[in-house]
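K.L.:
The structure under discussion is supplied below as C-alpha cells; questions concerning it will follow.
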Amino acid sequence: WLNLTFQLVQIALALVPVLLVAHLLRRSGEGLRGIGLDATQPSRDALRGLVLAAVVGGTGLAFYLAMYAAGLNLRVVPVALETSWWTLPLLVLAAIENALLEEVVVLGYLIHRLRQIGWGPGPAIVTSALIRGGYHLYQGVGGFVGNVAMGLLFGWLFTRWRRTVPFVIAHALIDIVAFVGYAMLRERVGWLP
C-alpha cells in the first residue's frame, strides 16, 4: 500500500504544471479553451487522437526497434514496478499523466504563448519539438530524434487545429499501449528489447 500511495502521489505532483497552465490561462481570460483543451468537439478530437496514435505509435515502434538494433537507443524499460493488482491501472494513470503534462504544457501552452508574443509558427513549433526531444534524451539518440519528429508533427497539426485534446488522446493511447503492452508481452515475445 505504501508503494501504491507513493506512485499515486508522484503522478499527482507531476500534474502540478498542468494546473499552473490552467491557472495562467484562466487568469489571462482565455481559459483552457484558449489551447483547445475542452469538450466542445469530442467526436472530432477522439477520431483525430485515434488516427494519430495509430500512425505515430506504429511508426514510433518501428523507429525505436531500428534505432535499438543500430545501437543508438538505450534500452527503455517502461515498467519498473513490482507486479501487483494495481500495476496495470497505475501504468494507465502514468500514461495519462505523461500525455497531459507534455501536450498541455509543451505543445498547447508553449506554442500558444510563443505565438502570442510574436513568434512565427515555424520557430514556435521547432522550439516546442526540441524541448520535447531534449527531455527524452535519456532514451538515447533515437529517442531524441523520434520525439523531435513527433513534436514537429504535433506542433504543425496543433497550429492548424488549435486543439490540444487530440494530442492528449494520442499520447495517452501510445503510452498505454507501450506501458501495458510491454508489461504483458515482455516475457512472451522474443523480439522486444
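K.L.:
Between residue 2 and residue 46, what's the calculated FRET efficiency when r is the beta-carbon distance and R0 is 45 Å? Round to 0.05.
P.N.:
The computed FRET efficiency comes out at 0.75.
K.L.:
Then there is this: So which trypsin sites (Lys or Arg not before Pro) in the range 1-54 are both in a DSSP loop and have at most 16 other Cβ atoms within 10 Å of their Cβ?
P.N.:
Taking the range 1-54 and a limit of 16 other Cβ atoms within 10 Å, no loop trypsin sites (Lys or Arg not before Pro) are found.
K.L.:
Quick check: pseudo-label points 7 Å beyond the Cα along Cα→Cβ at residue 62 and residue 12, how many nm apart are they?
P.N.:
Between residue 62 and residue 12, the simple spin-label model gives 4.3 nm.
K.L.:
Moving on. Please state the charge dipole magnitude for the chain, taken about the Cα centre, from unit charges on C-beta atoms (+1 on K and R, -1 on D and E), reported in debye and rounded to the nearest 20.
P.N.:
Dipole of the chain, to the nearest 20 debye: 520 debye.
K.L.:
Something else: When the helices in the chain are scored as -39500 (n - 2.57) per DSSP H run of 4 or longer and the sum is shared across all residues, what 222 nm value do you end up with, to the nearest 500 deg cm²/dmol?
P.N.:
-22500 deg cm²/dmol
K.L.:
Can you list the residues, at least 5 places off or on another chain, whose amide H is less than 5 Å from the amide H of residue 140, using H built in the peptide plane?
P.N.:
Residues meeting the criterion, in which the H sits 1.01 Å from N, are 74.
K.L.:
For the range 77-176, state which GluC sites (Glu not before Pro) are in a DSSP loop and have at most 10 other beta carbons lying within 10 Å of their beta carbon.
P.N.:
Answer in residue order: 82.
K.L.:
May I pose another question? Relative to the present Cα-Cα distance, how much length would full extension add between residue 116 and residue 39 at 0.36 nm per residue of separation?
P.N.:
Once the chain is fully extended between residue 116 and residue 39, it gains 25.4 nm.
K.L.:
Ok, one more. What does the extension gain come out to for residue 72 and residue 135, with contour length at 0.36 nm per residue minus their alpha carbon separation?
P.N.:
Result for the pair: 21.0 nm of gain on full extension.
K.L.:
Now a separate question. Note down the Stokes-Einstein diffusion coefficient of the range 20-178 in µm²/s, whole number, using a Kirkwood radius over alpha carbon pairs, 4 °C, and 1.567 mPa s.
P.N.:
The calculation lands on 79 µm²/s.
K.L.:
Among 68, 96, 50, whose Cα projects farthest towards the positive end of the dipole of the chain, with charges put on the beta-carbon of Lys, Arg (+1) and Asp, Glu (-1)?
P.N.:
Working it through, the farthest residue towards the positive pole turns out to be 50.
K.L.:
Does anything in the range 1-41 have its amide N under 18 Å from the 7 Å Cα→Cβ label point of residue 86, and if so which residues?
P.N.:
Answer for the range 1-41: 1-15.
Every number in this text was worked out from the coordinates using simple rules, so none of it is lab data. Note that the structure is a prediction, hence the values are computed from the model and not measured. Because the Cβ atoms are built from the backbone with ideal geometry, glycine has one as well, and the counts that use them run over all protein chains shown.
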